[in-house]
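Student: Okay, here's the structure, questions in a sec.
The values are calculated or read from the model by the stated rules, or taken from the named source; none is laboratory data. Model, not experiment: these values are computed from the prediction. Virtual Cβ from ideal backbone geometry, glycine too; neighbours counted across all protein chains shown. The area values use the complete protein model at the heavy-atom level, side chains included, leaving out ligands, DNA and RNA. Shrake-Rupley method; radii C 1.70, N 1.55, O 1.52, S 1.80 Å.
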Amino acid sequence: MVIPAIVLAAGRSSRMGRAKATLPIGASDTFLTRIVRTFRDAEVNDVIVVVGHDAEPIASAFAASGLAARFVINREYDRGQLSSLVAGLNTIDRPGVVAALVTLVDVPLVSAATVRAVIDRYRAAHVPVVRPTSGARHGHPLLIDRMLFDRIRQADPIAGPKPVVRAYASPAGDLPIADEGAFTDIDTAEEYERLISGR
(Lines give C-alpha, C1' and ligand atoms only; values in the text may rest on other atoms or scores of the structure.)
Protein backbone atom coordinates (compact mmCIF):
# COMPACT_ATOMS: atom_id res chain seq x y z
CA MET A 1 0.00 0.00 0.00
CA VAL A 2 2.05 2.93 -1.33
CA ILE A 3 1.10 6.39 -0.04
CA PRO A 4 3.51 9.13 -1.16
CA ALA A 5 3.46 12.67 0.26
CA ILE A 6 3.18 15.92 -1.68
CA VAL A 7 4.45 19.18 -0.18
CA LEU A 8 3.10 22.28 -1.92
CA ALA A 9 5.84 24.94 -1.90
CA ALA A 10 5.43 26.71 -5.26
CA GLY A 11 3.75 29.99 -4.29
CA ARG A 12 5.23 33.46 -4.09
CA SER A 13 4.97 33.71 -0.28
CA SER A 14 3.87 37.31 -0.90
CA ARG A 15 2.33 37.72 2.55
CA MET A 16 5.55 36.49 4.18
CA GLY A 17 7.84 38.54 1.94
CA ARG A 18 10.33 35.68 1.44
CA ALA A 19 10.22 31.98 0.61
CA LYS A 20 8.58 30.08 3.45
CA ALA A 21 10.33 26.86 2.44
CA THR A 22 13.74 28.24 3.48
CA LEU A 23 12.73 29.99 6.71
CA PRO A 24 14.74 28.67 9.70
CA ILE A 25 12.84 26.82 12.39
CA GLY A 26 14.43 25.23 15.45
CA ALA A 27 18.16 24.61 15.72
CA SER A 28 18.88 23.12 12.30
CA ASP A 29 15.71 22.95 10.20
CA THR A 30 13.84 25.07 7.69
CA PHE A 31 10.08 24.81 7.17
CA LEU A 32 10.70 22.41 4.28
CA THR A 33 13.31 20.19 5.94
CA ARG A 34 11.13 19.91 9.05
CA ILE A 35 8.15 18.74 6.97
CA VAL A 36 10.18 16.22 4.95
CA ARG A 37 11.86 14.93 8.11
CA THR A 38 8.42 14.47 9.71
CA PHE A 39 7.17 12.41 6.78
CA ARG A 40 10.35 10.32 6.86
CA ASP A 41 9.95 9.76 10.61
CA ALA A 42 6.41 8.56 9.86
CA GLU A 43 7.90 6.07 7.36
CA VAL A 44 6.60 7.82 4.25
CA ASN A 45 9.32 6.85 1.78
CA ASP A 46 8.40 8.95 -1.26
CA VAL A 47 8.14 12.69 -0.65
CA ILE A 48 7.48 15.06 -3.56
CA VAL A 49 8.11 18.80 -3.19
CA VAL A 50 6.33 20.97 -5.75
CA VAL A 51 8.22 24.22 -6.29
CA GLY A 52 7.67 27.16 -8.62
CA HIS A 53 8.65 30.66 -7.50
CA ASP A 54 12.27 30.67 -6.23
CA ALA A 55 12.54 26.99 -7.21
CA GLU A 56 16.32 26.95 -7.53
CA PRO A 57 17.26 28.52 -4.17
CA ILE A 58 14.68 26.37 -2.40
CA ALA A 59 16.06 23.15 -3.95
CA SER A 60 19.67 24.22 -3.27
CA ALA A 61 18.96 25.03 0.38
CA PHE A 62 17.19 21.70 0.80
CA ALA A 63 20.04 19.73 -0.82
CA ALA A 64 22.35 20.79 2.02
CA SER A 65 20.13 18.92 4.51
CA GLY A 66 20.98 15.47 3.17
CA LEU A 67 17.30 14.50 3.31
CA ALA A 68 15.72 12.63 0.40
CA ALA A 69 12.86 14.15 -1.59
CA ARG A 70 11.93 14.52 -5.24
CA PHE A 71 11.46 18.03 -6.60
CA VAL A 72 8.94 18.90 -9.30
CA ILE A 73 8.77 22.34 -10.89
CA ASN A 74 5.32 23.78 -11.54
CA ARG A 75 6.00 26.52 -14.07
CA GLU A 76 2.33 27.54 -13.91
CA TYR A 77 2.36 28.21 -10.16
CA ASP A 78 0.72 31.60 -10.66
CA ARG A 79 -2.44 29.76 -11.73
CA GLY A 80 -2.99 28.77 -8.11
CA GLN A 81 -2.62 25.93 -5.66
CA LEU A 82 -4.59 23.46 -7.78
CA SER A 83 -1.92 23.58 -10.51
CA SER A 84 0.72 22.57 -7.96
CA LEU A 85 -1.39 19.76 -6.53
CA VAL A 86 -2.03 18.40 -10.03
CA ALA A 87 1.73 18.55 -10.78
CA GLY A 88 2.33 16.54 -7.60
CA LEU A 89 -0.40 14.00 -8.36
CA ASN A 90 0.93 13.52 -11.91
CA THR A 91 4.36 12.77 -10.45
CA ILE A 92 3.23 10.18 -7.89
CA ASP A 93 0.41 8.52 -9.87
CA ARG A 94 1.67 5.07 -10.76
CA PRO A 95 0.52 1.45 -10.23
CA GLY A 96 0.58 0.53 -6.55
CA VAL A 97 -0.13 4.06 -5.29
CA VAL A 98 -3.42 3.97 -3.38
CA ALA A 99 -3.56 7.52 -2.02
CA ALA A 100 -1.53 10.69 -1.45
CA LEU A 101 -0.77 12.74 1.62
CA VAL A 102 -0.87 16.47 0.90
CA THR A 103 0.42 19.34 3.00
CA LEU A 104 1.43 22.97 2.63
CA VAL A 105 4.90 24.34 3.29
CA ASP A 106 3.08 26.87 5.54
CA VAL A 107 2.28 24.07 8.05
CA PRO A 108 5.69 22.90 9.33
CA LEU A 109 4.84 21.82 12.88
CA VAL A 110 2.80 18.67 12.29
CA SER A 111 4.07 15.67 14.25
CA ALA A 112 5.05 12.30 12.80
CA ALA A 113 2.42 10.76 15.13
CA THR A 114 -0.29 12.78 13.35
CA VAL A 115 0.93 11.63 9.93
CA ARG A 116 0.87 8.01 11.11
CA ALA A 117 -2.61 8.47 12.61
CA VAL A 118 -3.95 9.81 9.29
CA ILE A 119 -2.50 6.82 7.41
CA ASP A 120 -3.84 4.38 10.03
CA ARG A 121 -7.34 5.88 9.79
CA TYR A 122 -7.24 5.49 6.00
CA ARG A 123 -6.17 1.86 6.25
CA ALA A 124 -8.91 1.12 8.78
CA ALA A 125 -11.79 3.08 7.24
CA HIS A 126 -11.03 2.99 3.48
CA VAL A 127 -12.57 6.44 2.97
CA PRO A 128 -11.76 8.83 0.08
CA VAL A 129 -10.57 11.66 2.35
CA VAL A 130 -8.91 11.65 5.77
CA ARG A 131 -8.16 14.96 7.49
CA PRO A 132 -7.10 15.93 11.01
CA THR A 133 -9.85 17.82 12.83
CA SER A 134 -10.19 19.86 15.99
CA GLY A 135 -13.69 21.18 16.51
CA ALA A 136 -14.62 22.94 13.27
CA ARG A 137 -10.99 23.18 12.13
CA HIS A 138 -9.49 20.96 9.43
CA GLY A 139 -5.74 20.50 9.35
CA HIS A 140 -2.85 18.82 7.55
CA PRO A 141 -1.74 16.50 6.20
CA LEU A 142 -4.78 15.71 4.11
CA LEU A 143 -5.01 12.19 2.68
CA ILE A 144 -6.71 11.77 -0.71
CA ASP A 145 -7.61 8.37 -2.14
CA ARG A 146 -6.53 7.62 -5.70
CA MET A 147 -10.19 7.56 -6.81
CA LEU A 148 -10.17 11.38 -6.43
CA PHE A 149 -7.01 12.09 -8.44
CA ASP A 150 -8.91 12.60 -11.72
CA ARG A 151 -11.65 14.62 -10.04
CA ILE A 152 -8.98 16.95 -8.68
CA ARG A 153 -7.33 17.21 -12.10
CA GLN A 154 -10.70 18.28 -13.53
CA ALA A 155 -11.53 20.72 -10.72
CA ASP A 156 -12.25 24.38 -11.30
CA PRO A 157 -8.89 26.21 -11.08
CA ILE A 158 -10.48 29.16 -9.30
CA ALA A 159 -12.26 27.09 -6.65
CA GLY A 160 -9.26 24.75 -6.32
CA PRO A 161 -9.38 21.29 -4.73
CA LYS A 162 -11.49 22.26 -1.69
CA PRO A 163 -14.94 21.52 -3.21
CA VAL A 164 -13.75 18.01 -4.17
CA VAL A 165 -12.34 17.40 -0.68
CA ARG A 166 -15.52 18.68 0.99
CA ALA A 167 -17.72 16.55 -1.26
CA TYR A 168 -15.91 13.37 -0.21
CA ALA A 169 -15.13 14.18 3.41
CA SER A 170 -17.00 12.08 5.96
CA PRO A 171 -17.31 11.57 9.72
CA ALA A 172 -15.32 8.33 9.29
CA GLY A 173 -12.49 10.26 7.63
CA ASP A 174 -12.45 13.20 10.03
CA LEU A 175 -9.80 12.36 12.61
CA PRO A 176 -9.82 14.29 15.91
CA ILE A 177 -6.22 15.27 16.68
CA ALA A 178 -4.80 17.14 19.67
CA ASP A 179 -1.64 18.10 17.72
CA GLU A 180 -1.87 21.91 17.40
CA GLY A 181 0.86 21.76 14.75
CA ALA A 182 -1.62 20.18 12.34
CA PHE A 183 -3.62 23.43 12.40
CA THR A 184 -0.83 26.03 12.64
CA ASP A 185 -0.59 27.83 9.31
CA ILE A 186 2.29 30.34 9.24
CA ASP A 187 1.55 32.83 6.48
CA THR A 188 2.84 36.21 7.57
CA ALA A 189 6.02 37.73 8.98
CA GLU A 190 4.14 38.45 12.22
CA GLU A 191 3.08 34.81 12.61
CA TYR A 192 6.65 33.66 11.92
CA GLU A 193 8.00 36.15 14.46
CA ARG A 194 5.59 34.79 17.09
CA LEU A 195 6.66 31.22 16.27
CA ILE A 196 10.39 31.76 16.63
CA SER A 197 10.07 33.97 19.71
CA GLY A 198 7.86 31.36 21.40
CA ARG A 199 4.97 33.77 21.97
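Student: Taking the Cα centre as origin and putting +1 on Lys and Arg beta-carbons and -1 on Asp and Glu beta-carbons, what dipole magnitude results for the chain, to the nearest 20 debye?
Tutor: The calculated dipole for the chain is roughly 240 debye.
Student: Starting at 0 and stepping by 5 Å, how many percent of the alpha carbon pairs of the range 1-86 end up in each bin?
Tutor: 3, 15, 26, 26, 19, 9, 3, 0
Student: Then there's this: Using only the Cα atoms, work out Rg/Rh for the chain, with Rh taken as the Kirkwood radius, to two decimals. Before the final figure, lay out each step's value.
Tutor: On the way: Rg = 15.7 Å, Rh = 16.8 Å.
With Rg and the Kirkwood Rh in hand, the quotient comes to 0.93.
Student: Can you pull a Stokes-Einstein diffusion coefficient for the range 62-111 at 37 °C (0.692 mPa s), Rh from Kirkwood over Cα pairs, as a whole number of µm²/s?
Tutor: 254 µm²/s
Student: With every protein chain present, what accessible area does residue 116 have (1.4 Å probe, heavy atoms only), rounded to the nearest 10 Å²?
Tutor: 100 Å²
Student: Most mobile of 125, 68, 99 per a Gaussian network model of the chain (Cα springs, under 10 Å)?
Tutor: Answer for the Gaussian network model of the chain: 125.
Student: Kindly report the accessible area of the range 84-199 per residue (heavy atoms of protein chains, probe 1.4 Å, no ligands, DNA or RNA), in Å².
Tutor: Roughly 46 Å² per residue, with all protein chains present.
Student: For residue 2, what residues show an amide H to amide H distance below 5 Å, using hydrogens built from the backbone and excluding near sequence neighbours?
Tutor: 98
Student: Quick check on the chain: of the DSSP beta bridges with both residues there, what percent are antiparallel, nearest 5%?
Tutor: For the chain, the DSSP antiparallel bridge percentage is about 35.
Student: In 10 Å bins starting at zero, report the fraction of Cα pairs in the range 88-183 per bin as a rounded %.
Tutor: For the range 88-183, the pair-distance distribution reads 16, 50, 32, 2.
Student: Still on this model: How charged is the neighbourhood of residue 93? Take every other residue with its Cβ under 10 Å from the Cβ of residue 93, and add Lys/Arg as +1 and Asp/Glu as -1.
Tutor: On the way: positive: 94, 146, 153; negative: 150.
Computed value for this residue: +2.
Student: For the range 83-194, what % of the accessible area comes from carbon and sulfur atoms, probe 1.4 Å?
Tutor: Working: 2680 of 4900 Å².
Taking all protein chains in place, the range 83-194 shows 55 percent carbon and sulfur surface.
Student: Same structure, new question: Positive end of the dipole of the chain, charges at C-beta (+1 Lys, Arg; -1 Asp, Glu), about the Cα centre: which of 189, 45, 98 has its Cα farthest in that direction?
Tutor: Of 189, 45, 98, it is 98.
Student: Using a 7 Å offset from Cα along Cα-Cβ at residue 154, what residues in the range 110-130 end up with backbone N under 20 Å from the label point?
Tutor: Zone members listed by number: 128-129.
Student: Given only helices, namely DSSP H runs of n ≥ 4 each adding -39500 (n - 2.57), what is the per-residue ellipticity at 222 nm of the chain, to the nearest 500 deg cm²/dmol?
Tutor: Result for the chain: -9500 deg cm²/dmol, rounded to the nearest 500.
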